[in-house]
Amino acid sequence: MTGEMILTRNFARSDAHTLRAYLETGGYRAWAKAQAMEPTAILEEVKRSNLRGLGGAGFPTGTKWSFIPKSHAGPVYLVINADEGEPGTFKDRYLLERDPHALIEGMLIAARAIRSATAFVYVRGEYVEPWRRFSSAVQEAYAAQYLGHGFDIVVHRGAGAYICGEETGLISSLEGKKGWPKLKPPFPAIKGAFGAPTIVNNVETICHVPHIVNRGAAWFAALGTKTQGGTRMYSVSGRVARPGVYEAPVSITLRQLIYERAGGVTGNGRLKAVVPGGSSAAILTADEIDVTMDVDGLKNAGTMAGSAGVIVMDETVSIPEALMVVARFYAHESCGQCTPCRESTGWIYKITHRIVEGRGRKEDLDTILDVAKRGAGTTICAFYDGAVGPYISYIEKFRGEFEAMVLK
Amino acid sequence: MSEGDGYPGLTDPATTVFSEAQLAEVRRLQSLYPDPRGALLPVLYMAQETFGWISLPLEEYVATLFGLSPAHVHEVVTFYTLYFREPPGRHVVSVCHNLSCHLAGAPGIIAHLRQRLGVDPGETSEDGRVTLLSVECLCACEAAPMMQVDDRYELNLTPTKVDRILEGLA
């Protein structure tokens with residue numbers, strides 16, 4: 001199962017990031033077509049395509065766009081979330097570096113659909129080369145008159161904070177504040193960046209839009225499952241023979257992705273566990289990988305598609321140690337706004353650390369589970385719920401391994 | 001802020017000012033956002049590139065450019081990891097220690113750098129050449145273990161490759 005490459009079709013070209021290469025491969029034709037379409041027609045087409053957000057939440061993109069109040073007279077902002085930071089994910093880096101004009105063209109079309117004249121692209125601060133590449137493409141697009149005639153793009157650099165990948169944290173940061181998420185409602189589509197209606201979309205999501213306009217919603221929807229259209233870019237890393245970005249229809253199974261695309265398991269060659277959608281997704285065991293990699297397929301399997309970052313672990317990997325590494329991440333990146341998250345992430349990291357150091361206590365495992373479950377759903381944003389996914393699943397699915405360390 | 005309050009690395013406020021050209025750039029950046037305050041992060045980057053790090057007097061100066069309180073700017077500077085609040089070394093080496101890099105041997109790479117530079121993560125080598133950091137996912141997991149050296153990503157690290165990279169840092 002290889003399928004057609006859509007987002008990644010030009011990645012092999014060394015000049016894929018240039019306007020010339022983009023035009024040679026059919027670039028900006030969708031924009032020409034979209035200019036002849038009514039904004040609502042674009043929106044309906046995207047709705048029918050079953051495109052879902054590919055940054056993590058998996059929300060239907062067309063539906064999100066439709067939340068912009070129709071009666072609104074003031075400015076509407078399009079914000080692109082290029083603050084890629086979910087552990088195990090690296091797809092947006094490839095798109096920014098290798099096909100920046102696809103994002104610009106998708107933004108032009110999306111902006112027409114939501115009637116936005118200004119967009120901000122929030123690129124994570126560490127992505128210096130992707131930021132340069134994308135900024136050059138924006139300059140090219142201005143010189144070629146795609147931009148500057150009723151639509152402007154401002155490229156904004158983040159400054160190092162995972163929480164700014166959360167859409168309201170991103171908005172706070174864009175407004176020149178620390179990246180604290182905001183309580184919803186109001187949702188950004190009603191009151192977002194600088195107080196105006198705002199749509200925040202992931203890079204990869206928007207890169208799909210020109211193809212949907214060019215080839216039609218029905219074509220895109222047919223690539224995927226009943227509830228999610230298209231392909232997506234899976235970032236595969238960890239103990240596999242060929243780590244990398246793999247584009248596949250969302251109906252691909254995790255087993256196919258690991259064994260047919262990424263070349264199978266390394267280490268001792270025997271699969272132990274897989275993180276299927278970035279570190280915030282609950283872990284799956286070796287016998288849970290016959291699951292389709294679409295949003296609902298993974299949801300039904302008790303985990304999530306998230307950002308499609310797949311991290312593979314063979315039998316030689318220590319799950320308690322892996323949890324400690326993941327717990328350290330959440331402790332470091334908690335923004336500190338909500339008490340359950342700020343306190344729990346810190347304490348759970350300390351507990352996992354002492355377990356791995358051989359100083360674990362018998363009650364530690366139940367303490368982590370208790371703290372995790374009590375805090376879930378009590379915070380302003382989804383960050384802590386994302387931390388709870390690994391806390392609970394690593395311990396519940398590999399309890400024996402933890403107990404062996406604690407009771408030693 | 002009064003002088004001599006003991007803040008480490010305190011610099012002379014008089015030296016922490018932008019040139020006319022930089023002030024024009026500040027105004028240009030501010031004009032890109034519906035509220036000029038949106039330019040605070042980019043202007044803090046400018047400040048850091050100019051002065052090497054962001055001191056308290058520099059925070060105060062930047063605050064005046066935005067009509068913000070120094071406390072607001074301090075809150076922002078301390079929230080993000082890419083603003084340095086003390087002078088870093090001439091190069092900053094940030095090793096990813098998250099899961100994919102961990103599985104690929106990041107702890108060994110960090111141990112090697114500690115031994116080579118004689119510092120722990122968070123410290124700067126005695127000759128002022130390198131600040132070593134151990135950081136969260138830099139999203140280049142396909143090439144783990146990896147690290148960022150100033151603006152560059154260095155991928156698929158081995159101790160030998162790390163040595164070669166260190167030799168190239170003046």
Next item on the list: Give the residue, chosen from B:Glu59, B:Glu86, that is away from every other protein chain (no Cβ under 13 Å), of a type outside the set (S, T, N, Q) and over 11 Å from the mean Cα position of the chain (by Cα).
Entry: B:Glu59
Next item on the list: Kindly list the number of the only condition in (1) open to solvent by 20 Å² or more (accessible area, probe 1.4 Å); (2) under 22 Å from the mean Cα position of the chain (by Cα) that fails for A:Ala282.
Entry: (1)
Next item on the list: Just need a number here: residues in the stretch B:58-79 that are without any contact (Cβ under 8 Å) to a residue 12 or more places away in the chain and open to solvent by less than 50 Å² (accessible area, probe 1.4 Å).
Entry: 3
Notebook entry, point to check: Considering only the stretch A:125-161, how many residues are assigned to a helix (DSSP H, G or I) and open to solvent by less than 50 Å² (accessible area, probe 1.4 Å)?
Noted result: 7
Next item on the list: Could you identify the single residue in A:Val356, A:Val406 that is over 18 Å from A:Glu166 (Cβ atoms) and modelled with pLDDT under 95?
Entry: A:Val406
Next item on the list: For the stretch A:72-86, state whether one or more residues are closer than 27 Å to A:Leu23 by Cα, out of contact with any Gly (no Cβ under 8 Å at 6 or more places or on another chain) and within 14 Å of chain B (Cβ to nearest Cβ).
Entry: yes
Next item on the list: Output the qualifying pairs, or none if there are none: Cβ atoms under 7 angstrom, residues six or more apart or on different chains, first residue in the stretch A:232-255 and at positive phi, second residue part of a strand (DSSP E or B) and hydrophobic (A, V, I, L, M, F, W, C).
Entry: A:Gly238/A:Ile311; A:Gly238/A:Val312; A:Gly238/A:Met313; A:Gly244/A:Val236
Checklist line | Residue list for the stretch A:197-254, filter: within 14 Å of another protein chain (Cβ to nearest Cβ), more than 19 Å from the chain's Cα centre (by Cα) and crowded, with 24+ Cβ neighbours inside 10 Å | finding: A:Arg239, A:Val240
Item checked: the stretch A:348-372 - residue that is out of contact with any helix residue (DSSP H, G or I) (no Cβ under 7 Å at 6 or more places or on another chain) and either part of a helix (DSSP H, G or I) or within 19 Å of A:Ile283 (Cα to Cα) (or both) and, of those, most open to solvent (accessible area, probe 1.4 Å) -> A:Lys350
Notebook entry, point to check: How many of the residues in the stretch B:16-45 are of a type in the set (Gly, Ala, Ser), more than 14 Å from chain A (Cβ to nearest Cβ) and farther than 21 Å from B:Pro70 by Cα?
Noted result: 2
Margin query: Within the stretch A:16-34, does at least one residue satisfy the condition of being within 21 Å of the chain's Cα centre (by Cα), open to solvent by 20 Å² or more (accessible area, probe 1.4 Å) and at pLDDT 95 or above?
Written below: no
Item checked: Residue count, the stretch A:319-341 (criterion: hydrophobic (A, V, I, L, M, F, W, C), within 11 Å of another protein chain (Cβ to nearest Cβ) and outside any helix (DSSP H, G or I)) -> 1
Next item on the list: Among what's in the stretch B:135-149 and is part of a helix (DSSP H, G or I) and at the interface with another protein chain (Cβ under 7 Å from one of its Cβ atoms), pick the residue that is farthest from A:Thr89 (Cα to Cα).
Entry: B:Glu142
Check: When only residues in the stretch B:83-110 that are of a type in the set (A, V, I, L, M) and open to solvent by less than 40 Å² (accessible area, probe 1.4 Å) count, which is nearest to B:Arg129 (Cα to Cα)?
Finding: B:Val92
Checklist line | Cross-chain or 6+ apart pairs with Cβ under 7 Å, the stretch A:190-204 first and assigned to a loop (DSSP other than H, G, I, E, B), then small (Gly, Ala, Ser) | finding: A:Ala196/A:Gly74; A:Pro197/A:Ala189
Item checked: Matching option when the condition is free of Cβ contacts under 8 Å to residues at least 40 places away in the same chain and at the interface with another protein chain (Cβ under 9 Å from one of its Cβ atoms), among A:Arg124, A:Arg93 -> A:Arg93
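The values are calculated or read from the model by the stated rules, or taken from the named source; none is laboratory data. Just so we're clear, the structure is a prediction, and the values are computed from it rather than from any experiment. Positions of Cβ are generated from backbone atoms using ideal geometry, with glycine treated the same way; all protein chains shown enter the neighbour counts. Only protein heavy atoms, including side chains, enter the accessible area calculation; ligands, DNA and RNA are left aside. Shrake-Rupley method; radii C 1.70, N 1.55, O 1.52, S 1.80 Å.
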